[in-house]
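Below: the structure, in structure tokens.
The values are calculated or read from the model by the stated rules, or taken from the named source; none is laboratory data. Please read all numbers here as calculations on a predicted model, not as lab measurements. Methodologically, a virtual Cβ is constructed for each residue, glycine included, from the backbone with ideal geometry; neighbour enumeration extends over all protein chains shown.
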Amino acid sequence: MRPKGNHHNFRIVYDNSATVGGTDAAQARLYAVGMATLLRTAPLAGELEDCGFIRLPGVFDAKFMDSLLLRAHATLFRESGDARDAVKSNGSLIHLADNPEYADVIASPALLERLRLCGATDPRFTGGFLISKPGGGPPLFWHQDWWGWDDDSAYQPRGHQWFAMIYLTDTSIENGCLRLIPGSHRRDHPLHHLDTAHSEGMQAFKDPSNPAYADHPDQVAVPVRAGDVLIGDARLIHGAFANRTGEERPLLTLWFMPHWSSMPPEMRALAYKGFMRGDDIPASAAHPRTFLDWPEPLKQRIAQLLPPDDGGVPPLRWNRIPDFARLQA
Ligand SMILES: O=C(O)CCC(=O)C(=O)O
């Protein structure tokens with residue numbers, strides 16, 4: 001299957017022959033990508049614009065991945081059961097501003113190089129989370145993460161915010177890999193019209209029968225190997241399968257604005273507000289820590305990626321809901 005609106009030479013393959021465990025996921029198509037794509041820059045940017053995501057294989061080596069996994073298990077050990085229960089659908093939602101031990105991956109030269117290969121002109125880091133689905137954890141609800149839908153540029157091919165997802169173990173449909181709807185960052189899709197995705201009830205998995213947790217015929221499963229990086233457009237509809245194994249499936253999601261200096265100033269102001277934890281994601285403290293609170297030796301490690309406070313411009317309205325009429329049909 002090729003996503004609609006394909007102007008570029010896609011290297012994406014949906015492997016329909018793969019069988020997957022469990023009846024729920026039996027129809028999921030698997031995503032794979034040709035290695036040759038990595039050798040050419042412009043097609044990567046085009047692929048991201050057209051499809052909404054890219055898998056970059058083998059960015060980090062096994063030793064580094066093992067050290068990240070060790071740190072993630074330690075972070076999860078400190079997280080309370082109640083905090084994890086409150087976001088049962090996500091599995092955990094641990095802000096990295098509270099956990100400076102991930103500074104090296106945020107500022108990793110290998111990651112920065114891949115962002116540039118995907119077309120980033122002036123990438124700035126605005127936040128990140130450890131999202132870990134425990135063994136037996138339910139599916140993650142369908143959602144998109146973009147908050148700047150009030151600006152006209154949100155309806156253009158080029159995305160203003162990307163995720164870099166770094167799964168710390170191999171993933172599969174069995175242990176809760178990512179699933180997504182290719183092209184939904186620009187095209188209207190029925191899943192855009194579901195109830196507010198980031199509500200507390202949705203995060204807590206209050207109503208397991210909500211269609212936001214269910215399989216969808218358009219879904220594509222994106223299993224990865226530990227060390228791969230998934231780059232995606234914040235507007236893309238995505239979720240994750242349930243974890244039907246007994247093991248944690250940890251993920252670091254890092255958020256970047258790839259074109260900071262050419263973003264509309266009002267959008268920069270809102271991105272900066274989010275970076276300062278003025279977003280809509282509940283924090284456990286009244287004044288949550290920010291990356292600017294890190295002591296100098298830690299802050300220095302990520303300094304080149306931090307967004308500047310441009311000041312003086314009122315931010316755009318925080319709006320996670322697209323104007324459906326302006327999405328492509
Ligand atoms: O848990 C996952 O696999 C996906 C997490 C996610 O949707 C996100 O980080 O935005």
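Would you please name the residue that is farthest from Lys133 (Cα to Cα), looking only at residues in region 236-265 that are more than 12 Å from the ligand (Cβ to nearest atom) and crowded, with 20+ Cβ neighbours inside 10 Å? It would help to see each step written out before you state the result.
Taking region 236-265 and keeping what is more than 12 Å from the ligand (Cβ to nearest atom), we get 244-247, 256-265.
Filter once more, so that each one left must be crowded, with 20+ Cβ neighbours inside 10 Å: 256-258, 260, 263.
Values: Phe256: 23, Met257: 26, Pro258: 28, Trp260: 32, Met263: 34 Å.
My answer is Met263.
Whether any residue in region 239-249 is among the β-branched types (Val, Ile, Thr), out of contact with any strand residue (DSSP E or B) (no Cβ under 6 Å at 6 or more places or on another chain) and in a loop (DSSP other than H, G, I, E, B) is what I want to check.
yes
Considering only region 289-300, I want to know if a residue exists there that is of a type in the set (S, T, N, Q), within 25 Å of Leu230 (Cβ to Cβ) and surrounded by fewer than 17 Cβ atoms within 10 Å (Cβ to Cβ).
There is no residue in region 289-300 that is of a type in the set (S, T, N, Q), within 25 Å of Leu230 (Cβ to Cβ) and surrounded by fewer than 17 Cβ atoms within 10 Å (Cβ to Cβ).
Do you know which of the residues in region 150-171 that are within 17 Å of the chain's Cα centre (by Cα) and polar (S, T, N, Q) is farthest from Leu48 (Cα to Cα)?
Thr169
Restricting to region 221-230, name every residue that is surrounded by 21 or more Cβ atoms within 10 Å (Cβ to Cβ) and not in a loop (DSSP other than H, G, I, E, B).
Hits for region 221-230 are Ala221, Val222, Asp228, Val229, Leu230.
Modelled with pLDDT of 95 or more, of a type in the set (D, E, K, R), within 16 Å of the chain's Cα centre (by Cα) and over 26 Å from Leu44 (Cβ atoms) - does that describe any residue in region 212-225?
No, region 212-225 contains no residue that is modelled with pLDDT of 95 or more, of a type in the set (D, E, K, R), within 16 Å of the chain's Cα centre (by Cα) and over 26 Å from Leu44 (Cβ atoms).
What pairs come out if I take residues in region 241-254 that are of a type in the set (Asp, Glu) and pair them with residues that are within 9 Å of the ligand (Cβ to nearest atom) and not in a loop (DSSP other than H, G, I, E, B) whose C-beta lies under 6 Å away, six or more apart or interchain?
Glu248/Ser132
Hey, Gly135 hits all of (1) farther than 30 Å from Ser209 by Cβ; (2) over 13 Å from the mean Cα position of the chain (by Cα) but one; which does it fall short on?
(1)
Please identify the pairs in which a residue from region 94-120 that is within 11 Å of Phe291 (Cβ to Cβ) has its Cβ atom under 8 Å from the Cβ atom of a residue that is in a loop (DSSP other than H, G, I, E, B) and of a type in the set (Phe, Trp, Tyr), counting only partners at least 6 apart or on another chain.
Partner pairs satisfying both residue conditions: Ala97/Trp294; Pro100/Trp294; Ala103/Trp294.
Yes/no matrix, rows are residues, columns are (1) part of a loop (DSSP other than H, G, I, E, B); (2) within 24 Å of Thr196 (Cα to Cα); (3) within 16 Å of the ligand (Cβ to nearest atom):
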position: Gly232; (1), (2), (3): no, yes, yes
position: Asp280; (1), (2), (3): yes, yes, yes
position: Pro297; (1), (2), (3): no, no, no
position: Ile302; (1), (2), (3): no, no, no
position: Gly312; (1), (2), (3): yes, no, no
position: Arg317; (1), (2), (3): yes, yes, no
position: Ala325; (1), (2), (3): no, yes, no
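Just name the residue that is surrounded by the fewest Cβ atoms within 10 Å (Cβ to Cβ) out of those in region 188-203 that are touching a residue at least 60 places away in the same chain (Cβ under 8 Å) and of a type in the set (A, V, I, L, M, F, W, C).
Per the stated criteria, the residue is Ala197.
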